[in-house]
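Take a look at the structure below.
Only the coordinates and a few stated rules stand behind these numbers; no lab work does. The model shown is predicted, which means the values in this text are computed figures rather than measured ones. Cβ: placed from backbone, ideal geometry, glycine included. Neighbour counts: every protein chain shown.
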Amino acid sequence: MNSSRLCRRAFVGALPLTVLVDPSRLVADQDAPKPGFHGEFTPEEAELVAASPMAREIATLHGQGYSCAEMVLLAALRFLKLPESHLGAAGVFGGGIGKGDLCGFLTGSLIAFGLATSMRHADRTEISRTARALSNEYWDWWLSRGDLRCAVLRPTYDGSADFLRMAQRTALKTEELLRTVLPG
């Protein structure tokens, strides 16, 4: 019984609780132009993507049957050098939690933030505080680019190249934030 309890606590502790976010953060300014997730990389983005282990890794995962959540989490697990057995944590998040809701690239990254902060901090309060800060920054970045929902985002992929650029942009931002909690 205790081992099940510890596993559940460890899993839940690794997930930032973004569902408790201030509701005003859920609505982005609809009038402001957004850079979006698609379209060609700027020269600066192309340079960052080429230098990013996670952006390169996520490109290799494209087309291998992983959901968006699994792709970004697996790229993060490899970046963090964590066991790939943690990938199961993202199993239900693909396809907008299977309901066309929150995008898997968003939710997979949130899982990675919880795991990374758990690597750095032992104190539950510090893990929650740090993971929340990462998730809030990622959430704000996400809203500045586009919609939260898979059902809205999925039809905007003009093809495989747009999807891959979205994957690499999200991996790039996820890696940037993960680096802020890694030791050294």
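Details
- Of the chymotrypsin sites (Phe, Trp or Tyr not before Pro) in region 98-184, those whose Cβ has at most 15 other Cβ within 10 Å and which sit in DSSP loop: Y157
- Long-range amide H partners of L102 with built H, under 5 Å: C150
- Diffusion coefficient (Stokes-Einstein, Kirkwood radius over C-alpha pairs, 20 °C, 1.002 mPa s) for region 36-179: 142 µm²/s, rounded to a whole number.
- Taking label positions 7 Å along the Cα-Cβ direction at both R120 and D162, the computed distance is 3.5 nm, reported to one decimal.
- P(r) tail fraction, region 92-176 - alpha-carbon pairs more than 21 Å apart, %: 32
- With Cα atoms defining each centre, region 126-177 and region 41-55 are spaced 15 Å apart in the structure.
- Cα→Cβ-extended label distance, 7 Å offset, between E137 and R154, nm: 3.2
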